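Take a look at the structure set out below.
The values are calculated or read from the model by the stated rules, or taken from the named source; none is laboratory data. The structure displayed is predicted, hence computed values, not measured ones. Positions of Cβ are generated from backbone atoms using ideal geometry, with glycine treated the same way; all protein chains shown enter the neighbour counts. The area values use the complete protein model at the heavy-atom level, side chains included, leaving out ligands, DNA and RNA. Shrake-Rupley method; radii C 1.70, N 1.55, O 1.52, S 1.80 Å.
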Amino acid sequence: MTIVPLLWLLAVTLTAGWQKIFSRIPGWDFCPMRPPSLARLQEARSSPLRGARLIFNDRLDALMVVIFVSVVLLVVLSSAWEWLQILRKRKPAVVRESPFVETAYAN
Amino acid sequence: MLALHRGETISAAWLVLAAVGTYLVGYRFYSRFLAEKIFELDDRRATPAERLDNGRDYCPTSRWVLFGHHFAAIAGAGPLVGPVLAAQFGYLPGTIWIVFGVVFAGAVQDFVILFGSMRRDGKSLGQMAKEEIGPVTGIAAMIAVLSIMIILLAVLALMVVNALKGSPWGVFTIAATIPIAFLMGFWMKVWRPGRTMEATAIGIVLLFAALLGGRYVAENPSLAPLFTYSGPALAYAVIGYGFLASVLPVWMLLLPRDYLSTFMKIGVILLMAVGILLVLPPLKLPALTRFIDGTGPVFAGKLFPFAFITIACGAISGFHALVSSGTTPKMLRRESDARLIGYGGMLMESFVAVMAMAAAAVLDPGLYFAINAPLATLGGTPESAARVIQTWGSRSPRSRSPVSPRRSAKPPCWDVSAALPHSPSAWPRSSAMPLARADRAVVSLRDHVRGALHSYRAGCREPGRALHAAGAGGPRLGATRPHLLVSEQHLRFGAGGGRLGILPGAGSPRSAGRDQFALAAVRHQQSAAGRRGPLRRHHADHQARQSPLRAG
């Protein structure tokens with residue numbers, strides 16, 4: 001039941017991550033793969049400090065995208081591997097819940 | 001419901017009612033299924049709050065107080081900001097995502113994590129991932145959680161600081177909630193344990209006093225400077241408060257203050273909902289705008305995936321998993337409370353998001369973009385802003401945009417009149433004249449020509465919406481394009497009289513081609529418009545017979 005939202009969120013996240021890094025459309029991406037966009041260069045010309053900061057921000061954002069996308073992929077893939085092993089009965093399904101203790105409250 | 005009303009103006013009340021109806025069904029059935037069949041919540045099982053009660057962070061708490069705490073922790077500025085930004089795509093995609101996303105994903109996530117943490121002595125998300133899946137996943141999750149915390153708290157703290165900067169009223173009211181929270185905390189825990197209602201009543205009265213007192217302070221020249229602070233000073237205050245709230249026992253400050261602020265937030269949102277149901281404001285933003293192609297001025301990116309990224313809180317937000325595996329599971333008194341707090345709390349937040357979307361959608365589209373588009377795009381002065389926004393509605397395909405070369409390649413599909421004064425009679429001739437370009441004709445936008453207006457979109461090749469002959473269920477005449485040239489509000493009976501629309505006319509470089517139905521319709525109706533002025537109402541049967549087209 002929760003696999004559908006998971007797949008949807010993965011599709012959304014990874015598409016957005018991909019577009020933010022590899023997109024060729026100005027304004028969509030943080031352009032880590034190519035020289036800074038014309039708009040950024042124009043800003044840099046009018047105000048070198050601000051322009052340099054914007055370009056640095058873009059690069060930093062792109063780095064963060066890479067890190068977060070890798071973490072997402074790592075968590076999803078390792079969880080999928082765990083599930084696969086449990087479904088193939090190579091590993092017992094263990095739940096590490098705290099033991100049952102009867103409540104003292106009157107319900 | 002929305003589809004049934006296509007072509008008419010929809011009141012914002014429909015959004016509210018549709019959302020509430022979906023939440024009720026989701027809570028009654030889906031959350032019950034999760035609670036009983038999947039989690040098997042058991043009130044006989046002692047919760048961590050009971051077993052590990054230490055009077056600091058593990059502390060059994062009344063479910064409504066805990067609901068208040070949980071809601072205040074998950075619902076920051078996110079559910080208000082996200083939907084407003086995503087409204088640049090139109091109100092429909094965001095609303096559908098908020099309503100269905102929360103029922104099937106967001107509320108389920110909060111509930112699952114709260115349940116998981118509650119059954120594991122209130123462990124954090126990272127610890128649970130480490131134990132259940134493996135050390136690598138656990139460490140990756142912990143790194144992600146920490147980074148998200150840093151970024152998110154920085155953004156939220158910045159919003160708080162900016163909102164309170166130079167605002168003595170806000171600072172006084174917020175500061176006053178801290179001693180009120182102490183009073184409530186001691187009342188509920190030490191002086192009169194279990195008397196939640198008494199503490200609630202005291203808290204609400206004092207909260208209103210603080211609200212009114214804030215106004216007095218702001219207007220008083222000797223007191224106002226005491227509560228007027230700069231950004232950095234407020235930032236230090238927020239940091240100091242964060243430290244205090246974390247090290248003090250949770251019942252003393254954090255819990256009652258969250259409970260109190262939830263009253264304020266839910267109260268405002270419910271009042272807004274009641275207001276919408278009473279006033280029935282029409283949704284002025286189109287269901288979809290042309291900015292779904294990724295050229296939006298508020299933020300760049302296509303409808304997929306960015307509408308679903310922008311609206312996180314309200315539909316599904318990973319940050320909630322941190323709250324659900326943080327303070328809340330350590331305070332649950334009974335297992336069955338997790339359903340109300342985990343699932344119900346998130347539904348409430350989604351409702352906040354729907355209200356934010358409704359608030360954005362009842363604005364005039366021109367005004368909405370004027371508020372939300374970056375200042376650099378709008379040019380800095382009211383005149384330049386009006387000019388730029390007007391071009392988003394009326395730009396010729398060949399004109400060059402001052403904003404983005406890509407945007408200029410897109411044809412006009414959006415209502416220009418939204419950026420202009422409401423009443424047609426108030427329009428100066430000159431402001432309407434630029435619309436009558438060589439390749440355009442200005443016509444009265446009435447129900448009779450609705451199909452024609454829908455049909456035109458220069459440069460668009462994809463066929464979509466069908467044109468039908470007059471009358472309900474008339475035979476299909478041909479395919480037109482799906483994009484809206486005008487916002488829905490102008491298309492209903494009665495209200496459209498005198499509005500302007502843009503149609504291909506003589507002098508167009510393109511052959512009529514697929515637009516021939518549209519052209520025929522316009523020519524047929526022009527004489528009527530010219531003779532008596534725009535018809536205000538669709539009041540007679542013979543008009544229905546005359547009108548050759550209606551929108552499919």
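How many residues does the range B:329-343 hold that are more than 26 Å from the chain's Cα centre (by Cα) and either open to solvent by less than 20 Å² (accessible area, probe 1.4 Å) or hydrophobic (A, V, I, L, M, F, W, C) (or both)? So that I can check it myself, show each step before the final result.
Keep residues of the range B:329-343 that are more than 26 Å from the chain's Cα centre (by Cα), which gives B:329-338.
Applying the additional criterion that residues be either open to solvent by less than 20 Å² (accessible area, probe 1.4 Å) or hydrophobic (A, V, I, L, M, F, W, C) (or both) yields B:329, B:331-332, B:335, B:337-338.
Going through the range B:329-343 one residue at a time, the tally reaches 6.
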- Message: Restricting to the range B:294-304, name every residue that is assigned to a loop (DSSP other than H, G, I, E, B), surrounded by fewer than 24 Cβ atoms within 10 Å (Cβ to Cβ) and at negative phi.
- Response: B:295, B:297, B:298, B:299, B:300, B:302
- Query: What tally of residues in the range B:111-124 results from selecting those that are more than 11 Å from every other protein chain (Cβ to nearest Cβ) and more than 13 Å from residue B:39 (Cβ to Cβ)?
  - Reply: 1
- If you go through the range A:35-58 one residue at a time, do you hit one that is part of a loop (DSSP other than H, G, I, E, B), at the interface with chain B (Cβ under 10 Å from one of its Cβ atoms), buried (at least 17 other Cβ atoms within 10 Å of the Cβ) and modelled with pLDDT under 80? no
- Task: Kindly establish whether residue B:41 is away from every other protein chain (no Cβ under 12 Å), in contact with a strand residue (DSSP E or B) (Cβ under 8 Å, 6 or more places away or on another chain) and not small (Gly, Ala, Ser).
- Result: no
- From the option list B:123, B:130, single residue qualifying as among the basic types (Lys, Arg), assigned to a helix (DSSP H, G or I) and farther than 27 Å from residue B:301 by Cβ is B:130
- Task: Inspect the range B:150-158 for any residue being more than 14 Å from every other protein chain (Cβ to nearest Cβ), modelled with pLDDT under 85 and either loosely packed, with under 13 Cβ neighbours inside 10 Å or under 26 Å from the mean Cα position of the chain (by Cα) (or both) and give the result as yes or no.
- Result: yes
- Options B:351, B:291: the member that is within 14 Å of chain A (Cβ to nearest Cβ) and not in a loop (DSSP other than H, G, I, E, B): B:291
- Message: part of a helix (DSSP H, G or I) and away from chain A (no Cβ under 14 Å): is that true of residue B:136 in this structure?
- Response: no
- Is there a residue being touching a Ser or Thr at 6+ places or on another chain (Cβ under 6 Å) and within 10 Å of chain A (Cβ to nearest Cβ) anywhere in the range B:161-170? no
- Residue ID - farthest from the other protein chains (Cβ to nearest Cβ), chosen from residues in the range B:47-75 that are assigned to a helix (DSSP H, G or I) and closer than 21 Å to residue B:198 by Cβ: B:72
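Which of the residues that make up the range B:256-278 are over 16 Å from the mean Cα position of the chain (by Cα) and crowded, with 19+ Cβ neighbours inside 10 Å?
B:256, B:257, B:258, B:259, B:260, B:261, B:262 - these are the residues of the range B:256-278 that are over 16 Å from the mean Cα position of the chain (by Cα) and crowded, with 19+ Cβ neighbours inside 10 Å.
Here's the yes/no breakdown for (1) closer than 30 Å to residue B:247 by Cβ; (2) modelled with pLDDT of 90 or more; (3) out of contact with any helix residue (DSSP H, G or I) (no Cβ under 6 Å at 6 or more places or on another chain); (4) crowded, with 24+ Cβ neighbours inside 10 Å:
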site	(1), (2), (3), (4)
B:67	yes, yes, no, no
B:95	no, yes, no, yes
B:99	no, yes, no, yes
B:110	yes, yes, no, yes
- Extreme residue, farthest from the other protein chains (Cβ to nearest Cβ), among residues of the range B:305-348 that are of a type in the set (S, T, N, Q) and in a helix (DSSP H, G or I): B:328
- Regarding residue B:25, is this residue surrounded by fewer than 19 Cβ atoms within 10 Å (Cβ to Cβ), part of a helix (DSSP H, G or I) and away from chain A (no Cβ under 11 Å)? yes
